[in-house]
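Note sheet for the following structure.
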Amino acid sequence: MLDMLRKKFRYVFVLIFIVSLGCKDKQSINKKFIGTTSNNYHGQIIFDEYRKLENLKDSSVIKWFKNQSVRSNKILENIPNSPQLVSLQKEILGTQNEFVSNVLITKNNKFFYFKRLSTQKFSDLYYKNGLNGEETYLFGSSDIEKDFYISYFRPDWNGNKVIIAFSKNGDEFSELRVLDVKSKTLLPLKISNCLPSYGGAYWSPNSEAILYNKVRNTKDKKDAYMDMEFIYHPLNSSPRKMFSRINNPDIEMKPVDIPIVYIEDPDEKFFFGAVAGATIYQDYYYTSIENIENNKKEWKKLFSKKDKVTSFVRDKDSVIYISSLNASNFQICKTSLSSPDTNNPRIIVPMKKNEIIRSLRLIKEGIVYTTIKNGVEAKIFLIDSLNKTKELTIPVKAGNISVQTKGKKYNYLSIIVEGWLSDRKRYEYDFEEKKFKKAEISKISSYYNTDDFEVKELEIPSHDGNSVPLSLIYKKSVELNSHNSVLMIAYGAYGVSITPSFSEKILTWVSEGGVFAVSHVRGGREKGDLWYKNGFKNTKANSWKDLISSAEYLIEKKYTSEGRIAINGASAGAITIGRAMTERPDLFGASIIDVGFLNMIRAETGYNGKNNTKEFGTVENKEEFQYLMEMDSYYHIEKGKEYPASLITSGINDSRVPPWHSAKFAAKLQDFSENKTPILLKIDFDTGHSNTASDKRLESVTNVLSFAFWQTGHPDYQPK
């Protein structure tokens, strides 16, 4: 009762605060966008009051977006103590730090990587000849037009040339160029409307041609993502189609599918293709290098979606692969390349009981694979040439491990290890001494003391008795008195797991006395394929019910209380957040949603929307329409009901989730919500689906944390 009174008292301060900022009409400013548009779905009439906000070419809609953003910025900028959050993030990141990422190593030991100084917005491209070689700057944002940056790169096999993708303002539709490493100049070749974020770009074995994904239509067309094509482009002659629905009619491919072709070894005899999209399981094909060079369209099927293969490598005339077929936690199998038999493969590593097999690599010594338990406890193993398996000891506790090798002809193995309280560390394996040794690219590092922090990895009961992994990070001095501010994140889609990362967002929240929680809800892959499929289409409700159960557990165990939990998610994770807040608004003090799917029955009308029907369903199917209605947060907003304060953000250049999802959800919340807690909509006109620039990331994290602290009652963040 006391908490409810405190919550209502805070609402009064909110109203005073908003009015003091000059928001004369408070939040009900959406009346001109209300209409009576309706659709008939399988005999069910569905009205859509805010359909007009989907028209991003309407100047009045864009004006409303901008006005909402100005209003939101004014409120966010005036939350007390926000500068403290900025200072803490900078301290955690380090004022003299270098941020190295995307390290790629050629067979002749040249290192190519992104590096960003703490004073830079974007990363630049560098390389070294060997780990201890002299660092050389190659290319960066200062060498190109304003607001453009390098979003992707891949060196050729000998490190003489590099494919570079240039993007602007978060737009994933990129321009591909080729950089000559010796002269540091760009070749004349320019290729527009490429999507390296979907499948990458590769070099042919002789480094004389590049392979890339290209859209057939320009971005401003609704069907931009339809009938995409993978292109084989010799540097000195015309490009030609190598893998697409139109070019290869014998391949089972739909207009919504995304064709991907890749090659990861210059000695490889084959190109491998995938009919990909918004799903973890794909159809795989292969063809000889010679076929493509001679412009032949012959591709042979390797795996089907029903084989449940997540990754594979060729080993002479065989294929070694990871699959969840008859093994929910995945197993490593081997079968013939020419005549694959996934029903009767040779099992190399059987399914493990409490951990999933996550990745697989071949090296000269044998097979390297990694496992992870509940998405938070990682291990690495080596099966040597004598077929003996041993776990490789890692110098630090590993929450997450990423692996890099040079291929099956080399005894080279490097890893990057990360945890909730430990920054990314890079190691190389010494095969003579049989141990990992530190092998950092950057020599400058910062240190943030987390000795006073604690991590708890729990499993808590959900609504149906299943155990949900729950990660908690907080100061050791935190008391279980029901008064702590909690920020809880969740995702739960595409089989994607939330794994430990050393995040300024987490550490800043905890430094200010908050409890940070990660609910590893169903729909992810933390507990295997069944965990994924139990948060998929008709079982999707488990995703948000797992989050609700996590909140109830934290309240029961006195970590916090009703109204002191802020929930936060992005993209497909917005389904989990949006439906949790609409189903149990009483539990939460705030919901914070970025670039989110919030109007699911309209999702397939947007860019790339039809591809997502593989994961969520389509309105064209009567049963799947009902699944989508259940997932639709927008249609679960009820008039006159009290909802948590909300911060809803998006980027105008988002080609994955159109910003109108956020706009419609915010507009309806503003008009329908009974209480007048702030419902803030912030559309950034310089970003897309993610915040690439460091200053945008700093601003975004500050807004999330300050809003969450304010609405969960932290005394240092309350308006005076």
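Just a few scattered comments:
- Percent of Cα pairs in region 452-521 per distance bin of 10 Å, from zero to the largest separation: 18, 50, 27, 4.
- Inter-label distance, nm, simple model (7 Å from Cα along the C-beta direction), D430/D58: 6.7 nm
- Residue exposure proxy: L487, L669, L179, ordered by other Cβ atoms within 10 angstrom of their Cβ from fewest to most, comes out as L179, L487, L669.
- Greater than 29 Å apart at Cα, pairs in K31/K57; K161/K409; K110/K352; K254/K409: K110/K352; K254/K409
- Ordering of 631-643, 489-501 by burial proxy (mean other Cβ atoms within 10 Å per residue, highest first): 489-501, 631-643
- For K425, a cut-off of 16 angstrom between C-alpha atoms picks up these lysines, skipping any fewer than 8 places away in its own chain: K115, K379, K397, K435, K437, K438, K443.
- Relative contact order %, the chain, counting alpha carbon pairs below 8 Å whose residues are six or more apart: 12 percent
- Computed lengthening from Y448 to E638, 0.36 nm per intervening residue step minus Cα-Cα distance: 63.9 nm
- The Cα center of region 221-272 and the Cα center of region 347-418 differ in position by 31 Å.
- Label-to-label distance for N481 and S336 is 7.1 nm, based on points extended 7 Å past Cα in the beta-carbon direction.
- Of all aspartates and glutamates in the structure, the ones whose alpha carbon falls short of 12 Å from that of K364, not counting any fewer than 8 places away in one chain, are D315, D384.
- Using alpha-carbon coordinates, inclination of helix 541-556 to the longest axis of the chain, degrees: 60 degrees
- Taking 7 Å steps out from each Cα toward its Cβ at S118 and E77 produces label points 2.6 nm apart.
- Cα gyration tensor shape for region 348-445, rounded if a/c is under 1.5, else prolate or oblate: oblate
- Sum of side-chain charges, S72 neighbourhood, beta-carbon under 11 Å (Lys, Arg +1; Asp, Glu -1): +2
- Note on S237 and E145: the extension gain reaches 30.4 nm, defined as 0.36 nm multiplied by sequence separation minus the Cα-Cα distance.
- Rounded if a/c under 1.5, otherwise prolate or oblate - region 535-676, Cα gyration tensor axes: prolate
- Anisotropy class of region 388-537 from Cα gyration tensor, a/c 1.5 cut: oblate
- Counting only DSSP H runs of at least 4 residues, each contributing -39500 (n - 2.57), and dividing by the residue count of the chain, the helix-based mean residue ellipticity at 222 nm comes to -6000 deg cm²/dmol.
Since every read-out is calculated from the coordinates, none of them should be taken as a lab result. Everything quoted here is computed from the prediction, not taken from an experiment. Cβ: placed from backbone, ideal geometry, glycine included. Neighbour counts: every protein chain shown.
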